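Written out below as structure tokens is the structure these notes cover.
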Amino acid sequence: MPLQLVRAQVVKASTKFRSRLRKSLAVMAALATAAAPIASQAQGISTLRDAEIEAWLEDYSRPIFTAAGLNPKSIEIIIVNDPTFNAFAGGRYMGVNSGLFTFAKTPNEIEGVIAHEAGHLAGNHGARSAEAMANAGTPMLLGLLLAGAAIAAGAPEAGIGLLGLGQNIAIKDYLVYSRSQEATADQSSITYLNRLGKSTKGAMDIWSRMRNYQIITGQRVNPFLQSHPLANERFSALQTRAMESPYFNVQDSPEEIHRLHLIQAKIKGFLHDPLQTLRDYPLSDQSDPAHYARAVAYYRHSEIEKALKEIRKLTAEHPDNPYFNELEGQILFEYGRTNESIAPHRKTVELLPDNPLMRINLARSLIASNEPDLIAEATIHLKRAVAKEKDNGFAWYELARAYAEQGETAKADLATAESRFQSGAHPDANHFARRALPGLERGTAEWRQAMDIILATQPAEGAPPLPSAQPAPQPLPSPEERQPQEKKTPDVPDPIVIDSN
């Protein structure tokens with residue numbers, strides 16, 4: 001579905017995902033807590049899933065990762081629901097705030113930020129920062145923990161004050177290390193953009209606006225209490241080299257700018273106040289982004305006919321745009337017109353057959369139809385979706401519904417177990433996997449999947465005994481079967497004689 005929110009205490013996408021992400025980004029999280037007096041939301045982080053934004057990031061990030069000597073397929077990109085301008089990277093993850101899209105004026109500006117984060121990944125700065133933090137000593141870590149607790153409790157200024165508990169020298173040493181990494185990443189970003197023939201002007205433009213923002217707002221932050229150097233310092237350090245690039249004046253095409261404007265319109269429509277969005281995109285604006293933004297704003301404001309009028313103008317003019325069709329299907333589905341929603345969702349799957357989110361959307365509409373043939377089709381789409389994204393708990397949940405509608409109780413329990421496992425509810429996952437096991441044929445892929453979940457979620461104490469993982473014993477042969485059988489000579493072709501003379 002368009003701009004699906006995924007709320008979590010850290011990032012609630014999957015157990016394995018959260019574990020790996022914590023390890024990769026723990027240093028950055030701790031440093032962000034220490035870096036500036038910014039209030040932390042106790043409810044955690046919201047991430048976004050949206051096929052259009054994810055495709056944009058794929059298209060712009062992968063070439064930069066390749067230019068940085070990274071394997072593009074090994075890096076997972078996360079979209080964070082945060083209106084501020086920011087991005088982060090560590091381990092094999094890169095995260096971008098939704099605010100990065102709305103703050104940028106051109107795609108090239110975002111490319112500059114992505115290239116900078118690729119510099120962190122290529123330099124393995126996350127691992128090096130972990131080593132630097134370890135070398136900073138126990139007093140610093142204690143201060144970070146106490147500061148984090150104070151900030152989470154709603155007292156950010158007190159949290160920053162706690163950083164003075166006997167480790168000022170240690171934290172300054174660490175932040176100097178971090179600032180040198182930032183400088184390295186900045187220089188690396190210019191190298192990557194030059195390799196791709198991309199302009200370096202976007203990076204200069206976006207940092208120039210950040211510098212002006214700091215001057216206008218009168219921010220005076222101790223540079224040693226920031227993991228990133230101030231925008232003014234970064235702008236000065238990069239300006240000379242960036243302007244020497246032979247590609248400095250290369251501009252984004254009108255098509256590239258139009259594509260970004262559509263994404264900006266979608267983000268504002270979904271994440272900003274609907275009335276504010278309608279003021280930002282008045283009816284006098286008949287551009288594609290304005291229709292897009294108003295369609296979302298009307299949809300969120302429960303004015304469905306106005307929303308459909310706006311989006312159908314776009315689907316009529318651009319019938320092969322999968323994201324316009326996706327939004328039309330979503331509007332219809334959410335307001336109970338499920339049978340009508342099937343056609344636009346089916347169109348998105350035809351246009352993007354490898355996108356799991358599109359298949360999930362279609363499957364939801366098919367299940368809601370209550371037609372047995374369509375529910376069977378939904379099962380196929382959902383199985384293809386989880387084959388692409390095994391950690392998508394929502395897809396497993398919908399697959400459980402489809403199986404249940406078809407009376408396949410054991411498979412429904414198994415899909416529920418997988419859904420609960422991916423959302424971190426291990427006791428539930430164990431319960432449903434055990435419930436599914438008797439109805440699954442021993443030794444099949446589904447049976448092994450249930451056993452894997454049980455083994456992975458088995459508590460150390462107080463749990464029922466593990467079911468046997470051994471194949472069922474085969475019955476002994478009868479006396480007649482144990483009698484020696486006449487040996488038969490298999491039919492084989494006559495040998496071919498090759499005359500060497």
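The values are calculated or read from the model by the stated rules, or taken from the named source; none is laboratory data. Just so you know, these numbers come straight off a predicted model, no measurement behind them. Note: ideal-geometry Cβ built from the backbone for every residue, glycine included; neighbour counts use all protein chains shown.
With respect to being over 23 Å from residue 355 (Cα atoms) and modelled with pLDDT of 95 or more, residue 443 falls outside the description. The listed residues are 391, 428, 373, and the only one of them that is surrounded by fewer than 18 Cβ atoms within 10 Å (Cβ to Cβ) and in contact (Cβ under 8 Å) with a residue 40 or more places away in the chain turns out to be 391.
Somewhere in the range 394-414, is a residue within 20 Å of residue 458 (Cβ to Cβ) and touching a Phe, Trp or Tyr at 6+ places or on another chain (Cβ under 8 Å)? Yes: one or more hits.
Counting residues in the range 207-230 that are at pLDDT 85 or above and among the small types (Gly, Ala, Ser) gives zero.
Among the residues making up the range 394-411, those that are more than 12 Å from residue 360 (Cβ to Cβ) and buried (at least 16 other Cβ atoms within 10 Å of the Cβ) are 400, 403, 404, 405, 408, 410, 411. Within the range 442-459, none of the residues are touching a residue at least 60 places away in the same chain (Cβ under 8 Å) and either surrounded by fewer than 20 Cβ atoms within 10 Å (Cβ to Cβ) or assigned to a loop (DSSP other than H, G, I, E, B) (or both).
A quick yes/no check of all residues on (1) under 21 Å from residue 345 (Cα atoms); (2) of a type in the set (A, V, I, L, M, F, W, C); (3) surrounded by fewer than 19 Cβ atoms within 10 Å (Cβ to Cβ):
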residue	(1), (2), (3)
247	no, no, yes
255	no, no, yes
263	yes, yes, no
267	yes, yes, no
293	yes, yes, no
304	yes, yes, yes
316	yes, yes, yes
329	yes, no, no
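Consider residue 333 carefully, then state whether it is surrounded by fewer than 20 Cβ atoms within 10 Å (Cβ to Cβ) and among the aromatic types (Phe, Trp, Tyr). If you could, list the steps in order and put the result at the bottom.
Working: surrounded by fewer than 20 Cβ atoms within 10 Å (Cβ to Cβ): no; among the aromatic types (Phe, Trp, Tyr): yes.
Judged against the criteria, residue 333 is not a match.
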